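Read through the structure below, which is laid out as C-alpha cells, and then see the notes.
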Amino acid sequence: MIFKNIDVVIKDEVLTHQTVHIKDGKFFSIKPSKGEDLGTDYQGFLLVPGFIDLHQHGTSGHDMMDATPHAVEAISEHLLKEGTTRFLATTMTLSEASILSALKAYSKSKPKGAKPLGIHLEGPFISKAFPGAQDPEFIIRGSVDLFDAFQKAANGAIKLVTLAPEEQDEPFLKYLLNQGIVLSMGHSAATERDVEKALKLGIKRVTHCFNAMSQFHHRDLGLVGMTLLSDEIEAELIADGIHTSDHAMRLLTKIKKDKVSIVTDGIRAKGLKEGTYDFGGQTIYVKAGAARLESGALAGSILTMDQALRNMLQIGIDLPEVVRMLSSNPALTMKQDHHLGQIKENYLADCVVLDQNHNVIETYVEGQLLFKN
C-alpha cells in the first residue's frame, strides 16, 4: 500500500503532502511526495497512528462479560469503525465464576479486527467506598491464589489490573508487579499516604482520572490531587465531556503532558440508540450521550475514540498531542512503544485515514485495510 499526498501526524508535528509506503505489514518509508511517486492520491486526508484503547468493556451490543468468544470477536470487529486498532478487553466486578468464564472465553476467541493486547481486569479488588458502576456485592480483597486462577483461565493474557491499593496487602501488590502486570489505581479511597506507598512499590497509573476516586482536598490531596502532583503517574481520561468537564480535561493535559492516555470505558450500548441496557447485571439508561444507573451514577460510556479526538481538538488541544494520547502514550504504558503507536519506519502499520472533519475513512491493521467508510 502506498498513500500519496497525504498529511501525516508524526509524533510532534503534522507533515503535509507525504508519500507513505507500507510493506510487509510495516511502515517502509515516509517522505515528501513527488509528482512521479506511485500510489493512491489521498490529498486532503490525514493519516494518524491506530488508536489504542486500554479500557474497553464492549460496543455495539457486545460485552466482555458476555463470556463468549463471539463477544470478543465482535467487539474487535466493531472497534475498527472508530479507528481503534489495538485494545485491552476489560472485565468488571462480578462473581469469581463470572470473571473466570469471561477470561476463559477470551482465551478461546480469534479476533479478526482490532487486535487485543490482552485483558484489563477492572476489579474485583477495589474499594466499596468508590464502586462507581461496579457491583459492591462482589468487591473482595486480592489474593495470589485467586489472581493465579484468573491468569490461568485467561491463558496469561491479563496485562493490566485496576485496584484500590489501600485495600490490598503489600505482598499481593508486589507479586502482581513482579509478574509484569501494570497496576492502575482506581475505584479507590486512597489517601496521600496510600498513594505515596503505592508509588514506592511501582504503581504509577490511575484509571479514569477524577472518577470513582478520593477527591482533592487541601489537607489531604487524595488520589486526584496526588495524580496531578506526581509527575510519574499516568492518567486515563474518558474524554467525553461528561465524565469530566472541558476545563478538567484541559487541566489534566496541561499538568500531565504526555502522561495521559485517552480511553473510552466503552460498554455494549456504544454505537446503539438511546434506551435501556445491561451492564454487569445492572440496568443502565442511555440518554443524551451518557450511560447511567438508576441512581444517576455514570456507568461506563458510549464514547468512541474518534469522537474523543474531536472533543479534545474542540477544547483547544493540539492535534499531535491528542494523537499521542490516543496512540503512543498507551503503547508506552503497555511496553509496546518500540513497534506500535507511531507512524515511523519499521513500526507495525496500524493507521487510520481521517477526513478534514476528523471522521474515520479507513482503518488499517498491520497494513491490511479492515474497515472502509
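The values are calculated or read from the model by the stated rules, or taken from the named source; none is laboratory data. Keep in mind that this is a model prediction, so the values were computed, not measured. Note that each Cβ is placed from the backbone with ideal geometry, even for glycine, and that neighbours are counted across all protein chains shown.
Number of residues in segment 173-194 that are crowded, with 18+ Cβ neighbours inside 10 Å and touching a residue at least 24 places away in the same chain (Cβ under 8 Å): the value is 11. Residues that are in contact with an Asp or Glu (Cβ under 8 Å, 6 or more places away or on another chain), surrounded by 16 or more Cβ atoms within 10 Å (Cβ to Cβ) and of a type in the set (Val, Ile, Thr) within segment 15-36 comprise Thr19, Ile30, listed in sequence order. Contact map, segment 1-27: residues that are closer than 19 Å to Val323 by Cβ and among the acidic types (Asp, Glu) paired with residues that are in a loop (DSSP other than H, G, I, E, B) and at pLDDT 95 or above, Cβ distance under 9 Å, separation 6+ or inter-chain. Pairs shown: Asp7/Tyr42; Asp7/Gln43; Asp7/Gly44; Asp7/Phe45. If the condition is being farther than 21 Å from Lys204 by Cα and hydrophobic (A, V, I, L, M, F, W, C), then segment 145-167 contributes Leu146, Ala149, Phe150, Ala153, Ala154. Looking at segment 51-67, is at least one residue farther than 23 Å from Arg324 by Cβ, crowded, with 22+ Cβ neighbours inside 10 Å, without any contact (Cβ under 8 Å) to a residue 60 or more places away in the chain and within 15 Å of the chain's Cα centre (by Cα)? There is at least one residue in segment 51-67 that is farther than 23 Å from Arg324 by Cβ, crowded, with 22+ Cβ neighbours inside 10 Å, without any contact (Cβ under 8 Å) to a residue 60 or more places away in the chain and within 15 Å of the chain's Cα centre (by Cα).
Here are Ala97, Ala74, Ala133, Ala102: which of them is assigned by TED's automatic domain parsing to the domain that holds Val206 and touching a Ser or Thr at 6+ places or on another chain (Cβ under 6 Å)? Please lay out each step first, then the result.
Details: Ala97 fails: touching a Ser or Thr at 6+ places or on another chain (Cβ under 6 Å); Ala74 fails: touching a Ser or Thr at 6+ places or on another chain (Cβ under 6 Å); Ala133 fails: touching a Ser or Thr at 6+ places or on another chain (Cβ under 6 Å).
So the residue among Ala97, Ala74, Ala133, Ala102 that is assigned by TED's automatic domain parsing to the domain that holds Val206 and touching a Ser or Thr at 6+ places or on another chain (Cβ under 6 Å) is Ala102.
Taken over segment 142-158, the criterion of being surrounded by fewer than 22 Cβ atoms within 10 Å (Cβ to Cβ) and touching a Gly at 6+ places or on another chain (Cβ under 9 Å) is satisfied by Gly156, Ala157.
Only residues that are in contact with a Ser or Thr (Cβ under 9 Å, 6 or more places away or on another chain) and surrounded by fewer than 19 Cβ atoms within 10 Å (Cβ to Cβ): list them for segment 116-130, please.
Keep residues of segment 116-130 that are in contact with a Ser or Thr (Cβ under 9 Å, 6 or more places away or on another chain), which gives 116, 119-127, 129-130.
Matches in segment 116-130: Ala129 only.
Could you please let me know if Gly266 is under 18 Å from the mean Cα position of the chain (by Cα) and not polar (S, T, N, Q)?
Values: under 18 Å from the mean Cα position of the chain (by Cα): yes; not polar (S, T, N, Q): yes.
Against the criterion (under 18 Å from the mean Cα position of the chain (by Cα) and not polar (S, T, N, Q)), Gly266 qualifies.
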